[in-house]
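Please treat every number below as a calculation from the coordinates, not as lab data. A quick note: this is a predicted structure, and the numbers were derived from the prediction, not measured. Here Cβ is always computed from backbone atoms with ideal geometry, including for glycine, and neighbour counts include all displayed protein chains.
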Amino acid sequence: MKFVANVDFNGGQLRPLDQTDVDTIVKIYQKQTLAGQSTTASTEHAERMITLSVQMAATQRGLMWAMEVDGQMLGMLSLYDWQPTSLKTLMRLDVLPEITQVHQVEALRAGIDYLVKKYHLRNFSFHCLPMGDEAMISIVEQVGFIQQARLRDYRRISQTEFSDILVFNKIIESVSETGHKGESE
Amino acid sequence: MNWNLNTEHYYVRFAHEEDIPNIYALLGSNEVVKNHPKNPMVVEAQAMDEARRMVMQFEAKEAAFWLVEEKSTGKVVARLSLQKFNWVSASAQFRVDVFSDYKTQSVLSELIYAVATLAYEDLSLHRIEWFLLESDHCLVDLAKAFGFNHDGQLMNFLEFEGSWIDYQVFSLLKTDDVWQQAVINQGLPES
């Protein structure tokens with residue numbers, strides 16, 4: 001059974017992760033972005049992530065898409081803390097330097113449109129670091145996300161250090177707000 | 001580690017079997033729960049279920065709940081909790097259910113100081129969050145008076161009776177000057 005759909009966007013597509021993505025996933029996760037993450041991701045971690053991407057989608061806890069442009073995987077668009085009852089989710093964008101901002105914006109828009117239509121999600125959020133996430137902040141703002149909070153020392157970045165987190169939200173008040181591109185199974 | 005706290009005027013203690021009527025009286029009161037927001041309990045069996053959940057969440061290290069017993073009267077006047085313990089980011093969410101007569105700065109300064117001291121000193125937490133409704137002017141004003149920082153809002157956090165609820169997020173860090181001053185003063189501002 002297929003739990004993650006293919007979703008087209010202008011210039012590329014979102015698709016499920018598969019075993020051929022291992023090397024790209026390792027490349028994407030070379031910088032430390034999460035507490036507890038080792039500085040370099042390994043093949044074993046990437047394989048585990050692919051397995052997890054299916055499990056989390058099957059249980060509607062999350063979802064991971066590969067972002068593909070010209071047949072090449074250049075990033076990932078993911079959902080965490082997916083709460084079907086509250087119709088909300090926390091999103092995450094991890095990309096290689098080769099992908100353009102335009103493609104990221106298009107991919108994010110298409111992903112949200114799909115999630116609104118398919119799962120009726122209406123509350124999307126991003127957590128960004130105040131320093132170092134400027135590119136991502138620019139992208140989410142172009143898609144209509146608005147900063148609603150700055151959570152002080154919310155994320156641990158070392159044994160003794162913490163970083164603030166900027167919370168961006170996009171609330172979909174009605175389905176007509178989206179411009180759904182359609183999915184291809 | 002002793003989870004039961006003893007302040008000047010209150011026993012801040014874990015619940016026991018005899019507390020079911022106390023929990024029911026507290027959480028069956030609309031004035032207590034309306035700002036969470038939540039509907040009041042309507043039968044005592046709900047209090048029994050709530051007591052079980054309190055124990056289960058504590059055993060799972062997800063939360064800790066205290067009932068506040070007034071020393072002079074023996075009356076249970078509030079329930080305090082630290083919920084959603086995040087042991088990686090060293091944070092927890094504070095919550096208070098309190099009868100309106102006790103929803104005052106002098107009472108809550110005593111209670112919050114006791115719980116925050118345990119959180120920072122015994123549990124090594126770094127951040128205490130307090131989610132409040134904007135319409136709960138009393139607690140919003142008290143949070144500010146105690147030195148909690150308004151971090152912003154979490155939009156459409158949950159749905160209650162057909163409406164989407166926004167939470168205002170307040171935080172108090174162990175490293176905040178206001179907390180360090182509270183440690184020196186042995187208490188939060190009382191007025």
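Listing for the model above:
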quantity	calculated
When each of B:Lys103/B:Lys144; B:Lys71/B:Lys144; B:Lys75/B:Lys103; B:Lys38/B:Lys61 is checked by Cα-Cα distance, pairs over 26 Å	B:Lys71/B:Lys144
Dmax and Rg, reported as Rg then Dmax, of chain A (C-alpha, Å)	15.8, 47
Neighbour net charge for B:Ala182 - beta-carbon separation under 13 angstrom, K R +1, D E -1	-4
Mean shadow area of the stretch B:39-110, taken as a quarter of the surface of its Cα convex hull (nm²)	6.2 nm²
Spatially proximal lysines relative to A:Lys118 (Cα-Cα < 26 Å; intrachain offsets below 8 disregarded)	A:Lys2, A:Lys88, A:Lys170, A:Lys181
Percentage, to the nearest whole number, of Cα pairs in the protein assembly as shown over 30 Å apart	46 percent
For chain A, calculated [θ]222 nm from helices alone, where every DSSP H run of n ≥ 4 adds -39500 (n - 2.57)	-8500 deg cm²/dmol
Net charge, B:Pro37 excluded, C-beta distance under 11 Å - Lys, Arg +1, Asp, Glu -1	-1
Charge dipole magnitude, Cβ of K and R +1, D and E -1 - the protein assembly as shown, Cα centre, debye nearest 20	280 debye
Hydrodynamic radius by Kirkwood, which averages 1/r over all alpha carbon pairs of the stretch B:1-51, in angstrom	12.2 Å
The stretch B:5-185: projected area of the alpha-carbon convex hull, averaged over directions, in nm²	10.4 nm²
Relative contact order [Cα under 8 Å, 6+ residues apart], chain B, whole percent	17 percent
Set of aspartates and glutamates with alpha-carbon distance to B:Lys34 below 20 Å, sequence-local pairs under 8 removed	B:Glu44, B:Asp49, B:Glu50, B:Asp97, B:Asp101, B:Glu129, B:Glu134, B:Asp136, B:Asp141, B:Glu159, B:Glu161, B:Asp166
Gaussian network model of chain B, Cα within-10 Å springs - most flexible of B:Asn30, B:Asn156, B:Asn39	B:Asn156
Taking chain A and dividing mean pair separation by its residue count, relative contact order in percent (alpha carbons under 8 Å, at least six apart)	22 percent
Around B:Asp101: net Lys/Arg minus Asp/Glu count, Cβ-Cβ under 12 Å	0
